[in-house]
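S.K.: My structure is below; once you've seen it, I'll send some questions.
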Amino acid sequence: MGGIKINAEQIQTGPKTINPQGSLWQAKTNPAPLRPALQGREKTRTAVIGGGMAGILTAWLLKEAGEEALVLEAAEIGSGQTGRTTAKITSQHGLIYGRLLENKDGGGLAAAYAAANQTALAEYRRIIEGRGIQCGFRQLPAYLYTRENPEALQAEEKAARSLGLPAAFTLDTSLPFPVMGALRFDEQALFQPLDFLRALSKELRIYEHTPVIKLEDGQLTTPGGLVEAKQVVFATHYPFLNRPGYYFTRLHQERSYVLALKNGPDLGVMYYGVDADGYSFRPAGDYLLFGGENHRTGENREGGRYEGLARAASQLFPGCPVDYAWSAQDCMTPDGIPYAGRYSEDRPEWYVASGFNKWGMTGSMAAALLLRDLILGRENPWAAAFSPQAPGRLLRPQAAENLLSDGLKAVESFGRRLLPAQAAEPAELRALPQGQGIISQIQGEKLGLYRDEAGRLHAVGLTCPHLGCQLTFNPDEKSWDCPCHGSRFTYTGQLIDNPAQEGLHHEILPRRQ
Ligand code: FES
């Protein structure tokens with residue numbers, strides 16, 4: 001990488017005033033005692049890969065039903081998206097019920113989805129109350145709101161009520177701005193996700209820092225050992241095996257941002273804006289969590305998401321400092337319903353839970369209940385709705401349209417990799433400010449360059465190791481992100497988010513640059 005003809009494609013500018021850290025939950029939860037990494041051989045009936053909410057719930061529900069299970073976590077329990085969620089447990093998922101009722105099946109799909117979500121809510125309550133888990137579980141109403149389109153919420157109210165959901169349209173909210181309409185769902189809930197997860201984890205057999213590096217004939221190979229299992233559950237946020245299943249053809253990822261505002265008002269309820277520039281609000285003890293600025297992963301070249309959110313917060317809630325700022329990543333399915341069921345028709349002993357869209361807590365529980373039932377040979381009322389192999393999933397409302405859009409994005413990003421970068425002078429590169437990134441051509445190779453706080457220039461390969469799309473710089477996270485399926489890497493090339501399974505080649509360039 002060492003030469004010196006520079007061509008630059010993108011330089012991000014703009015002041016950065018917020019430095020994201022971990023989430024409020026990560027900061028406020030005492031670290032759990034470390035579980036050992038697997039050394040040697042183990043045998044179990046069900047091996048669950050992934051120690052986030054979906055994986056832990058699946059293992060716990062299986063154990064509760066008397067079925068042996070073991071969890072293999074590549075890092076630490078709850079270290080992925082479960083530690084970054086806004087932790088709302090709700091059946092209210094945007095404008096989904098009206099859309100699902102457009103499906104030509106007499107309302108069966110919408111009814112199954114509503115039942116799955118309401119059951120998930122009730123199951124959280126059952127487990128938390130039954131086990132006496134101290135996790136700030138609180139039931140309260142959830143509202144959708146709009147400043148533009150009340151008719152959409154009125155239509156959603158009608159759809160939700162027809163499914164028996166506790167929905168009511170209103171103009172009365174506790175928001176600090178006027179709305180044109182709001183849709184209230186009663187008896188929804190929120191909690192502290194890591195406290196809950198760690199309480200359940202105590203009852204489970206778990207190996208941390210134990211990535212699965214090979215899976216063959218009921219044997220899961222890890223760096224230090226091997227597990228023999230009759231069944232395998234993939235609960236890894238994004239299913240990391242490309243084949244079978246081909247999940248990369250039907251999932252994309254999106255990012256969103258959250259601020260914890262100290263001494264923010266307790267609005268008493270949760271809110272989620274359905275307009276394109278809507279925000280989300282939820283109380284969390286002394287804090288108000290304020291979220292928004294969503295975008296597809298890999299499409300944040302300009303940056304400024306945290307600053308945009310902070311500007312809005314300072315207008316809406318003046319005098320409430322930002323104590324924590326973080327972001328989360330969600331897997332999005334084309335039809336808005338998670339994938340939970342058999343991983344592939346070719347591998348009936350493999351199961352998957354993924355694609356929770358923006359509703360990871362509710363979706364994780366619904367998926368875990370379903371996987372428990374499938375593994376135990378029980379009937380489940382939402383199995384067909386959630387099955388990744390359900391016939392006609394692509395015919396569901398908006399599914400084909402969203403899938404086409406995802407495919408075009410992937411083609412565009414893959415094609416961009418083949419184009420040379422724009423020209424820039426070496427002096428321009430030397431002037432690259434600290435904390436900013438650039439795409440440059442060096443000795444025929446397109447590289448991602450980043451100037452760190454000490455002035456060093458880090459170079460990484462720009463080809464995503466998943467399937468070869470070109471990465472883009474994300475100035476808010478100082479990461480290299482893939483627009484195709486959402487893999488992410490630090491500026492030193494370390495893998496942050498899957499489906500990629502390896503990091504990027506990384507070098508620090510000589511000082512003269
Ligand atoms: Fe699939 Fe990058 S995540 S090509």
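S.K.: Those residues that are touching a Leu at 6+ places or on another chain (Cβ under 9 Å) and within 14 Å of Pro397 (Cα to Cα), I need them from the stretch 103-112; list them, please.
M.R.: Asn103, Lys104, Gly107, Leu109, Ala110, listed by residue number.
S.K.: Could you run through the stretch 224-249 and say how many residues are part of a loop (DSSP other than H, G, I, E, B) and farther than 23 Å from Thr82 by Cβ?
M.R.: Count: 5.
S.K.: Where in the stretch 452-513 are there strands (runs of 3 or more DSSP E), lying fully within it, with 2 or more residues that are on the phi < 0 side of the Ramachandran plot, surrounded by fewer than 23 Cβ atoms within 10 Å (Cβ to Cβ) and not polar (S, T, N, Q)?
M.R.: The qualifying strands (runs of 3 or more DSSP E) are 457-461, 495-497, 506-508.
S.K.: Looking at Gly40, Gly98, Gly51 in this structure, which one is touching a residue at least 60 places away in the same chain (Cβ under 8 Å) and under 27 Å from Leu259 (Cα atoms)?
M.R.: Checking each option against the conditions leaves just Gly51.
S.K.: Of all residues in the stretch 195-224, count the ones that are touching a residue at least 40 places away in the same chain (Cβ under 8 Å) and either within 16 Å of Val48 (Cβ to Cβ) or buried (at least 17 other Cβ atoms within 10 Å of the Cβ) (or both).
M.R.: Qualifying residue count, the stretch 195-224: 20.
S.K.: Further, regarding this structure: Just the residues that are open to solvent by less than 60 Å² (accessible area, probe 1.4 Å) and either under 28 Å from the mean Cα position of the chain (by Cα) or not hydrophobic (A, V, I, L, M, F, W, C) (or both), please, taken from the stretch 156-175.
M.R.: Passing the criteria: Glu156, Glu157, Ala159, Ala160, Leu163, Leu165, Pro166, Ala167, Thr170, Thr173, Ser174, Leu175.
S.K.: Just to verify a result, which residue in the stretch 468-483, among those that are of a type in the set (A, V, I, L, M, F, W, C) and at pLDDT 95 or above, is farthest from the ligand (Cβ to nearest atom)?
M.R.: The extreme case among them is Phe473.
S.K.: Further question on the same structure: Which of the residues that make up the stretch 141-167 are closer than 16 Å to Asn117 by Cα, part of a strand (DSSP E or B) and touching a helix residue (DSSP H, G or I) at 6+ places or on another chain (Cβ under 9 Å)?
M.R.: Ala167
S.K.: Does the stretch 120-139 hold any residues that are more than 24 Å from the chain's Cα centre (by Cα) and surrounded by fewer than 17 Cβ atoms within 10 Å (Cβ to Cβ), and which are they?
M.R.: Result: Arg126, Glu129, Gly130, Arg131, Gly132, Gln134.
S.K.: Additional query: Looking at (1) more than 14 Å from the ligand (Cβ to nearest atom); (2) open to solvent by less than 20 Å² (accessible area, probe 1.4 Å), which is the only condition Glu428 fails?
M.R.: So the condition that Glu428 fails would be (2).
S.K.: Right, here's the next one. Mind telling me which of the residues Ala152, Ala142, Ala168, Ala159 ends up being farther than 16 Å from Val269 by Cβ and either touching a strand residue (DSSP E or B) at 6+ places or on another chain (Cβ under 7 Å) or modelled with pLDDT under 95 (or both)?
M.R.: Of the residues listed, the single one that is farther than 16 Å from Val269 by Cβ and either touching a strand residue (DSSP E or B) at 6+ places or on another chain (Cβ under 7 Å) or modelled with pLDDT under 95 (or both) is Ala152.
S.K.: Is one or more of the residues making up the stretch 433-446 within 16 Å of the ligand (Cβ to nearest atom), in contact with a Pro (Cβ under 9 Å, 6 or more places away or on another chain) and either without any contact (Cβ under 8 Å) to a residue 12 or more places away in the chain or not in a loop (DSSP other than H, G, I, E, B) (or both)?
M.R.: yes
S.K.: Let me ask something else about it. So how many residues does the stretch 472-513 have that are touching a Leu at 6+ places or on another chain (Cβ under 8 Å) and closer than 19 Å to Leu429 by Cα?
M.R.: Final tally of qualifying residues: 4.
S.K.: Restricting attention to the stretch 365-387, which residues are more than 20 Å from the chain's Cα centre (by Cα), touching a residue at least 24 places away in the same chain (Cβ under 8 Å) and part of a loop (DSSP other than H, G, I, E, B)?
M.R.: Scanning the stretch 365-387 gives Leu376, Pro381, Trp382.
S.K.: Which of the residues that make up the stretch 347-364 are hydrophobic (A, V, I, L, M, F, W, C) and part of a helix (DSSP H, G or I)?
M.R.: Met361
The values are calculated or read from the model by the stated rules, or taken from the named source; none is laboratory data. Fair warning: this is a prediction, and the values are worked out from it, not measured in the lab. Backbone-built Cβ (ideal geometry, glycine too); neighbour counts: all protein chains shown. The area values use the complete protein model at the heavy-atom level, side chains included, leaving out ligands, DNA and RNA. Shrake-Rupley method; radii C 1.70, N 1.55, O 1.52, S 1.80 Å.
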